[in-house]
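Please read the structure below before turning to the comments.
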Amino acid sequence: MSTESSGTAKDFSEHAVTPSAMVVHDPTAFGAFDALDGIADGNALLRASLFRERPDVGALARQHAAFVSVLNEHTRVLRVADLLGKAGLTAHREKLERNPNHVFTHDALITLPWAPEAAILGNMREPLRREEPMVLEEVARALGLREIVRLPAGVFLEGGDVIPLCIAEKRTLLVGFGPRTSEEALPVLIELLGERGWVDEVIGVKLAAWRLNVDGCFFPVSDDTVVAHLESVEGGVHWTAEGPRPIDPATHFRNLGFEIVEAAREESYGQQACNFVCLGGKRLVAYKMTERINDALRERGFDVIGVDGSELVKGNGGPHCMTRPVYSRVEGRAE
């Protein structure tokens, strides 16, 4: 297994590594919200789009562009449409036009900082999102990534439920399960990835039914700090090659020396206060609306870059959700 390290294994945590590039997508460029015309707000809108509120499309486009501009200051930015190329864009245009959730490039493709050539495709539980891995599979090929494992049918996994960490020099996957990711994904990951030397352990976090992904409520941002809404967490399990054992995730991380910065329910859900883009070196990108949490992290030595997200957050996602970090030498087409 190839790796790129300047230090110990802990350097391979997502929060510690500066990505070679970030993959992003602006759904407004494909008229993805046009399909929502005539649909009433509330439950009808949520069923049709998974967005909890109808965004101002122009404002969302401006906020996404400003977000991408910030990313460009720290790493290379690659757009899904550019990576698909002409033939791929022709093949997948309808998918991009009818589903605004393609903005959440983190979910349909999983990458590992300690295995920069590797990729795992998501398997989406929500019917509206099941075509997204088809698009990101072609993106992965354009980036020169190779799929290292494919999940069995009926085992669901979203990238927003997977946070790669290195804890005590063990390659660890923090995996949320419940609403979007199957609990059955945990033993599959430890079996298929563990036996091939890709992963040493999986820490499963059981999410409340009203949550979506673990990156919205339990997010390690350094080797000693987690930002979390603990009422979103209903239990956990620690999987190793020896099998599972039940844990309380908060207690588990505290015993490992982590401090937990606690967010309130509305901060974590309505403002995505636990959701960050990690740029390495304790640099984070977060929504400006979460300033209480951002300031608490700044007091702990983090460089937190705030971006506008009042329209972007209506899709129930934050900055982490809108980026897929790539750690390999980037082979894709330029933006």
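The values are calculated or read from the model by the stated rules, or taken from the named source; none is laboratory data. Since this is a predicted model, take the numbers as computed values, not measurements. Using ideal geometry, Cβ is built from the backbone for each residue, glycine included, and neighbour counts are taken over all protein chains shown.
Which condition number in (1) buried (at least 17 other Cβ atoms within 10 Å of the Cβ); (2) farther than 17 Å from MET22 by Cβ; (3) touching a strand residue (DSSP E or B) at 6+ places or on another chain (Cβ under 7 Å) is the one that ALA119 fails?
(2)
Return the total of residues in segment 158-187 being modelled with pLDDT under 95 and assigned to a helix (DSSP H, G or I).
0
Can you find, within segment 148-162, the residue that is farthest from ASN123 (Cα to Cα) among those that are within 18 Å of the chain's Cα centre (by Cα) and among the charged types (D, E, K, R)?
Among those that are within 18 Å of the chain's Cα centre (by Cα) and among the charged types (D, E, K, R), it is ASP161.
Name the residue, out of VAL149, VAL162, VAL202, that is touching a strand residue (DSSP E or B) at 6+ places or on another chain (Cβ under 8 Å) and either aromatic (Phe, Trp, Tyr) or farther than 26 Å from HIS25 by Cβ (or both).
Working: VAL149 fails: either aromatic (Phe, Trp, Tyr) or farther than 26 Å from HIS25 by Cβ (or both); VAL162 fails: either aromatic (Phe, Trp, Tyr) or farther than 26 Å from HIS25 by Cβ (or both).
Criteria check complete, one pass: VAL202.
With surrounded by 23 or more Cβ atoms within 10 Å (Cβ to Cβ) and either touching a residue at least 60 places away in the same chain (Cβ under 8 Å) or closer than 30 Å to ARG283 by Cα (or both) as the only criterion, which of ILE110, ILE148 stands out?
After ruling out the rest, the residue left standing is ILE110.
Working carefully through the options GLY216, GLY204, find the one that is within 17 Å of the chain's Cα centre (by Cα), without any contact (Cβ under 8 Å) to a residue 60 or more places away in the chain and within 27 Å of THR105 (Cβ to Cβ).
Exactly one of GLY216, GLY204 is within 17 Å of the chain's Cα centre (by Cα), without any contact (Cβ under 8 Å) to a residue 60 or more places away in the chain and within 27 Å of THR105 (Cβ to Cβ), namely GLY204.
Out of segment 20-49, which residues are at pLDDT 95 or above and either in contact with a Cys (Cβ under 7 Å, 6 or more places away or on another chain) or aliphatic (A, V, I, L, M) (or both)?
Matches in segment 20-49: ALA21, MET22, VAL23, VAL24, ALA29, ALA32.
Identify all residues within segment 69-90 that are free of Cβ contacts under 8 Å to residues at least 24 places away in the same chain and within 21 Å of ALA35 (Cβ to Cβ); write none if there are none.
Step one: filter segment 69-90 for residues free of Cβ contacts under 8 Å to residues at least 24 places away in the same chain, giving 69, 72-73, 86-87, 89-90.
Hits for segment 69-90 are LEU89, THR90.
Go through segment 204-224 residue by residue and tally those that are touching a Lys or Arg at 6+ places or on another chain (Cβ under 9 Å) and in a strand (DSSP E or B).
Final tally of qualifying residues: 1.
Do the conditions hold for PRO100, that is, is it touching a strand residue (DSSP E or B) at 6+ places or on another chain (Cβ under 6 Å) and in contact (Cβ under 8 Å) with a residue 40 or more places away in the chain? Before you say what the answer is, go through the steps one by one.
Numbers: touching a strand residue (DSSP E or B) at 6+ places or on another chain (Cβ under 6 Å): no; in contact (Cβ under 8 Å) with a residue 40 or more places away in the chain: yes.
Taking the combined requirement at face value, the residue does not satisfy it.
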